[in-house]
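Comments concern the structure below.
Nothing in this text is a laboratory measurement; each read-out follows from the coordinates by a stated rule. Keep in mind it's a predicted model, so treat the numbers as computed, not measured. Here the Cβ positions follow ideal geometry from the backbone for every residue, glycine too, while neighbour counts run over all protein chains shown.
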Amino acid sequence: MLGLEIKHLSVRFSGLSAPALAIENLSIAAGSRVAVTGASGSGKSTFVNIITGLERVREGCISWNSEDIAGFSESRRDRFRAANIGLVMQEFHLFPGLSAVENVLLPARLAHAATSAIIARAHDLLDVVGLNRAGQKIETMSRGEMQRVAIARALLRKPGVIVADEPTASLDAESGDAVGDLLLDLAVAEGSTLIVVSHDSRLVGRLDRRLTFRSGCIIDDSAIKGAAA
Amino acid sequence: MIRFILADLRRLWAGSIVVVLLVALATALGVSVILQERALRLGSARAADKFDLVIGAGGSETQLVLSSVFLQPSALPLMSGDVLAKLAADPRVEWVAPVGFGDSFSGYPIVGTTRTLTETISGGFSEGQVFVSEGEAVIGSNVDLAIGGEIKPMHGTIETGGHTHTELAYHVTGRLQPTGTAWDRAILVPIQAVWHIHGLEAAEERDHDDHAAEAGDHEESVHAEGAHEDADHDAEPDPHAGLNENWTAETPGLPAILVKPKTIADAYKLRQDYRNGATIAVFPGEVLTNLYATLGDAKQILVAVASGAQVLVAASLILVTVIHIGQRRRQIGALRAFGAPRGAIFGIVWLEFFILVAVGVGLGFTLGYGAALILSGFFSQSSGVNLPVGFAREDGMLAVILLAFAAGLAALPAVLAYRQSPAQALRV
């Protein structure tokens, strides 16, 4: 389980005077479930890229359990992300031509981390997300099923944190609810911190805390009342 | 990783096939040039191998070799018959055989020669036996005639508007074993018959000394026993006439003499002795070597053209792969985001490209080999010279060089993919 501590963060892109993201101080407790909302262009995607180590930070600290990934090299950030962060994206980024289980295992295989325990876990996770045909080719699946495969992939290496970027945006309401359930249940079951970027008010309403972004700043940070415990 | 690469290649099958074909065709072009040139060189060298020393009247050495070894029709100057007699008596000579050209039958050259040469040239008969009288002939392994078949010699060839000799028709008595040379397409007849058929015409062309010599030969052959008297009067050849292969100074003029010296030293001495104004003596292998030196330049040009084609293909492949990587940015970015290390991304892109090129090179070698085989087949059919198509060690080097080049080329898109920032790639 990982907790996040951000200090004095400022992300600027060349050609823009105002920073794309500026966070003076933010902490997310290990095991908490946080929603990130805001209009498009408010800095949400940059936030995701920064906390997952996809983008390099020049100013500020990004500490996961007091490990500052801002100081890591690119390969080290890649390794950290592979081992600690489970990513779920709006577009599933699954690879056609491979089966469900092959897709779940692909990143681990490329990182030479696919032990027999991991392979067994991949099959278990597919069961947990409700897919019982592990050998089915990914291109023959529905979008809801694809996102479930993507969730299984994100959880494969028992990440300390799950970061989901608009996980329900490209799904219909029913599949969206199912995916939301899975994310919430699995984060609890696996003991992972959960950070969800979403416009989906039903999904957001089920989390514990909401961060609202505007123009690269957090303008609101509030606990959500009545959230499922 | 391999499964992912294969799935990826299957997904991009059309582009993959185009890349493989491009590489295959460019490789095949280069390979076939090299193989064909080598086949020509080896084939003609093997064809010339049977002939240690060729002696002819003064003139072009190359023409002498082309006519005697490859049986290319041409009008060679004649040398006096006493050269043959002298050679036959020379202790350094194992055997000597005159050859006379000029006639043909259905496109096959008719070569007048001796029983010794006929028996030696292919190391034996696949059927039948050697000729024993003027009206008999032995055919090369590729001549489409049967034992007992009739051959009506034509003076010159159909292409040059020859006429058919009516003086004599040969009957096939034997077929030689294959030699892989132009002689497989030849009809071998007693040279005595060639002289007799051409007796009158030759007399007009030759100076009167030779005419006298030939007439003398007819008289001389009387004491060579048998029913030879018939051949006596006025160059009317007799198919049943026996053969006299004891050469004398009165032997008629000859275009070429094939000599089998006893030793290599003898070969060099004989060549020295018969290189005087009246005759030339050549080692066919040596003449061919000179010829190849000239052909070598042509090969260089062909190789340069083939290399140019390969460079063009390489350039177009660079273009294709750079565009391709641009299109795959999201996929590569996603792989990175989900935790694939950069090294693995490099490996995937590099291997994908390298596999395509390697398959292309392999296919190209096969295609080039096939093309060379087909070309050699055509050539063998028309000339009779067997062109052995085969790979040599240096072709392995060529394959290694091509693959090494491909490995370097594949690194370019791989580095592009490696350097790509996953966050930017996913944003696009």
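Just to check, using Stokes-Einstein with a Kirkwood Rh over alpha carbon pairs, what's the diffusion coefficient of chain A at 20 °C and 1.002 mPa s in µm²/s? For the chosen part, D equals 120 µm²/s. Beta bridges assigned by DSSP with both partners in chain B are antiparallel in approximately 80 percent of cases. Distance between the pseudo-spin-label points of residue A:224 and residue A:208 (7 Å out from Cα toward the beta carbon): 1.3 nm. Partner shielding of A:99-107 amounts to 3, given as the average count of beta-carbon atoms from other chains within 10 Å of each residue beta-carbon.
On the beta carbon distance between residue B:82 and residue B:17, with R0 = 60 Å, the FRET formula returns roughly 0.25. Between residue A:38 and A:213, the built amide H atoms are under 5 Å apart, and every one of these is 5 or more places off in sequence or on another chain. When the trypsin sites (Lys or Arg not before Pro) in the range A:4-112 are filtered for DSSP coil states and for at most 13 other beta-carbon atoms within 10 Å of their beta-carbon, the remaining sites are A:58.
DSSP assigns beta bridges within the range A:4-223; of those with both partners inside it, close to 50 percent run antiparallel. Placing a pseudo-label 7 Å from each Cα along the Cα-to-Cβ vector at residue A:140 and residue B:63 gives an inter-label distance of 7.7 nm. In percent, rounded to a whole number, the relative contact order of the range B:89-177 is 32, using alpha-carbon pairs under 8 Å and six or more apart.
Using the alpha carbons of the range A:28-71, what is the convex hull volume per residue in cubic angstrom, as a whole number? Don't jump to the answer; show the numbers that get you there.
On the way: hull volume 3.6 nm³, N = 44.
Spread over its residues, the Cα hull of the range A:28-71 gives 82 Å³ apiece.
Net length available on complete extension from residue A:76 to residue A:7 is 22.8 nm, with 0.36 nm assigned per residue and the Cα-Cα distance removed.
One equal scatterer on each Cα of the range B:260-408, no solvent, Debye formula: the resulting log10 I(q)/I(0) at q = 0.09 Å⁻¹ is -0.56. Mind grabbing the base-10 log of I(q)/I(0) for chain B at q = 0.08, 0.11, 0.12 Å⁻¹? Debye formula, identical points on the C-alpha positions, no solvent, two decimal places. With one equal scatterer per Cα and no solvent, log10 I(q)/I(0) is -0.59, -0.84, -0.94.
Residue by residue, the range B:164-176 carries 3J(HN,Hα) couplings of 7, 6, 9, 5, 7, 10, 8, 10, 6, 10, x, 10, 7 Hz when phi is fed to the Karplus relation 6.51 cos²θ - 1.76 cosθ + 1.60 (θ = phi - 60°); x denotes Gly or Pro. Here's how it looks for residue A:162: its modeled amide H is under 5 Å from those of A:86, A:193, A:194, A:195, which are all 5 or more places away or on a different chain. Convex hull of alpha carbon positions in the protein assembly as shown: directionally averaged projected area 42.2 nm². Computed about its Cα centre, the charge dipole of chain B is approximately 5900 debye, with only Lys, Arg, Asp and Glu carrying charge at their Cβ. Expressed to the nearest 5 percent, the antiparallel share of DSSP beta bridges inside the protein assembly as shown is 65 percent.
A quarter of the convex hull surface defined by the alpha-carbon atoms of the range B:97-146 gives 3.7 nm² as the mean projection. Taking Cα centre as origin and charging only the Cβ of basic (Lys, Arg, +1) and acidic (Asp, Glu, -1) residues, the dipole magnitude of the protein assembly as shown rounds to 7460 debye. Computed from backbone phi, the HN-Hα couplings of the range A:163-168 come to 10, 10, 9, 6, x, 10 Hz, rounded to whole numbers (Karplus: 6.51 cos²θ - 1.76 cosθ + 1.60, θ = phi - 60°; Gly and Pro given as x).
Helix B:2-11 and the long axis of chain B differ in direction by around 80°, with both axes built from C-alpha atoms.
Length gained on full extension, residue B:293 to residue B:382, computed as 0.36 nm times the residue gap minus the Cα-Cα distance: 29.6 nm. Site-free segments of chain B were taken between GluC sites (Glu not before Pro) in DSSP loops having at most 10 other Cβ atoms within 10 Å, sites themselves excluded; the longest one is B:226-428. Annotation: amide H of residue B:103 within the under-5 Å range of B:110, B:156, sequence separation 5 or more or interchain, hydrogens built in the peptide plane. Estimated from helical segments only, the mean residue ellipticity of chain B at 222 nm is -18500 deg cm²/dmol, where each DSSP H run of four or more residues counts as -39500 (n - 2.57). In chain B, Cα pairs under 8 Å separated by at least six residues give a relative contact order of 28 percent.
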